[in-house]
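Encoded as structure tokens, the structure appears first; notes follow it.
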Amino acid sequence: MILPDLIKVATFWRRGIEKTAFVTRLDEYVEPRRKAHAVYRYTLEIEGKHYTRNFSTGLPEHQYISILVMLDRPYDFLLGSRQSSFWKVCQSNGISPFAPVWLVFALTIFLRALMDWLRLRKKRGAN
């Protein structure tokens, strides 16, 4: 699910509104099994409303953090600020910083194979 995650991060990074959230408490910590990531379940207070979400990274309890939200979806948010780089927002939200690199690499291989196939098809049609 790399592509949908990257699209979501790109949308929030480009058009998101920066707000502050207060980290009320850590509700649950789930130990990682094998190579899976740990899961931290926090309750955040955003503009007087409480939201409980899972995060792949620990957050500072009883402190304010920056988040990016969309005006049409105030319940959906990502960790980050307007000054954060795209890579930092990816990393803060549990997406590997290498995911975009692998995606570009895979798309390049696919497009090259497609171009070779089209050239071969065109050459066969000319004969």
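Laboratory data are not the source of any read-out in this text; all were calculated from the coordinates shown. Keep in mind the model is a prediction, meaning the values are calculated, not measured. A quick note on method: Cβ atoms are made from the backbone with ideal geometry, for glycine too, and the neighbour counts reach across all protein chains shown.
Projecting the Cα atoms of Q83, L44, F110 onto the charge dipole of the chain, computed from C-beta unit charges around the Cα centre, puts F110 farthest toward the positive end. Toward the positive end of the charge dipole of segment 2-96, with +1 on the Cβ of Lys and Arg and -1 on the Cβ of Asp and Glu, the farthest Cα among I7, L26, S56 is that of I7. The share of alpha-carbon pairs in the chain lying farther apart than 19 Å comes to 59%. The residues packed around R14, meaning those with a beta-carbon under 13 Å from its beta-carbon, carry a net charge of +2 if Lys and Arg are +1 and Asp and Glu are -1. The phi-based Karplus calculation (6.51 cos²θ - 1.76 cosθ + 1.60; θ = phi - 60°) puts the 3J(HN,Hα) values of segment 46-53 at 10, 6, x, 10, 9, 10, 10, 9 Hz, whole numbers, x for Gly and Pro. Convex hull of alpha carbon positions in segment 9-60: directionally averaged projected area 4.5 nm². When you count the other C-beta atoms within 10 angstrom of each residue and take the mean per peptide, 85-94, 107-116 line up highest first as 85-94, 107-116. Rg and Dmax over the alpha-carbon atoms of segment 61-127 stand at 20.9, 73 Å.
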